[in-house]
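Contents: one structure, followed by commentary.
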Ligand code: CTP
């Protein structure tokens, strides 16, 4: 019935290509890549059965009033109060309403971007999506700087901004957000308990400094809907990574999606070490049970989609 089916054998064969390190095969796949517009439309239609990214990308002001209590999406027993600050930062309408683009870049955070020289190419796309407030200025040649949409897990406050313990951490954060101008800052605030005070501090800093950034907070159903879509297509992902979430959302807005910085492997095809993140010293965690993500499986899925012309995955140098 035209459903996109990612059979186990397709995934296994791409697995073999990646494992055996057939760099020439991979390179060929990149050079010969061509968009398959009918497949793009079919995928968009199928995803729309599970979620409407225009709506699910963010809750809006009218969904809540200050003082409302909601249950965390991935931990239903625990609850969160919608504060005055949070409520005042909810958008009136979806920040993605009626926005359509010819080409988009979704930029993951893998160290594979280092020495890629992909900055110019990434910035040449009509809409650039980035993850977890990753730094760009120091890496501009490889990752570009344009950021129309950027995600921020609450844990970023701890990881990259010292938990806002010092004034200088807070200043660094405010400087980073000022650079974004009126881009969308997407904060998954309703997933699990633990980050609520970080989210509150972020909200307070945005309000106090009158930052122009357009805050968005994913709907309570988004993650279940995205997982549902991939499960139906036989991709068993317990908790989609930010990068996969962004690709799934982007199918609604973008005719051509180019992925960069997706490489969840500690070595490249020539055996050279690859950092987990291009900008910090975080180590690979998803080989242990501690990680909720299944990035290698996600990658294989994206690789299959690349080969079918549904998206373009760049894992080498940009020329
Ligand atoms: N990514 C990748 N390979 C890596 C690192 C990241 O493919 N070595 C992709 C993943 O899709 C990931 C996205 O880039 O979701 C952004 O990276 P990161 O900020 O690490 O994303 P999170 O999904 O938030 O991961 P974590 O929960 O580990 O913070």
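The values are calculated or read from the model by the stated rules, or taken from the named source; none is laboratory data. Just so it is clear, the model here is predicted, and its values are computed rather than measured. Virtual Cβ from ideal backbone geometry, glycine too; neighbours counted across all protein chains shown.
Overview of results
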{"read-out": "Residue list for the stretch 209-231, filter: assigned to a loop (DSSP other than H, G, I, E, B) and under 19 Å from residue 61 (Cβ atoms)", "value": "210, 211, 212, 213, 217, 218, 219, 220, 221"}
{"read-out": "Qualifying residue in the stretch 194-208 (condition: assigned to a loop (DSSP other than H, G, I, E, B) and modelled with pLDDT of 95 or more)", "value": "no"}
{"read-out": "Subset of the stretch 46-83 [within 18 Å of residue 225 (Cα to Cα) and surrounded by fewer than 12 Cβ atoms within 10 Å (Cβ to Cβ)]", "value": "49, 76"}
{"read-out": "Leading residue by the ranking (farthest from the ligand (Cβ to nearest atom)) among those in the stretch 227-258 that are surrounded by fewer than 21 Cβ atoms within 10 Å (Cβ to Cβ) and without any contact (Cβ under 8 Å) to a residue 60 or more places away in the chain", "value": "231"}
{"read-out": "Count of the stretch 129-139 residues which are touching a helix residue (DSSP H, G or I) at 6+ places or on another chain (Cβ under 6 Å) and surrounded by 22 or more Cβ atoms within 10 Å (Cβ to Cβ)", "value": "4"}
{"read-out": "The stretch 59-81, residues that are assigned to a loop (DSSP other than H, G, I, E, B) and touching a helix residue (DSSP H, G or I) at 6+ places or on another chain (Cβ under 9 Å)", "value": "64, 65, 66, 67, 68, 73, 74"}
{"read-out": "Residue match in the stretch 172-189 (condition: within 12 Å of the ligand (Cβ to nearest atom), in contact with a helix residue (DSSP H, G or I) (Cβ under 9 Å, 6 or more places away or on another chain), at pLDDT 95 or above and farther than 16 Å from residue 90 by Cα)", "value": "no"}
{"read-out": "Some residue of the stretch 31-43 being surrounded by 15 or more Cβ atoms within 10 Å (Cβ to Cβ), within 23 Å of residue 184 (Cα to Cα) and modelled with pLDDT of 95 or more", "value": "no"}
{"read-out": "Selection status of residue 261, under 29 Å from residue 90 (Cα atoms), within 14 Å of the ligand (Cβ to nearest atom) and crowded, with 17+ Cβ neighbours inside 10 Å", "value": "no"}
{"read-out": "Odd one out for residue 282 among (1) within 11 Å of the ligand (Cβ to nearest atom); (2) over 22 Å from residue 191 (Cβ atoms); (3) within 19 Å of the chain's Cα centre (by Cα)", "value": "(2)"}
{"read-out": "Lone qualifier among 13, 9, 88 - being in a helix (DSSP H, G or I), more than 24 Å from the chain's Cα centre (by Cα), modelled with pLDDT of 95 or more and farther than 23 Å from residue 250 by Cα", "value": "88"}
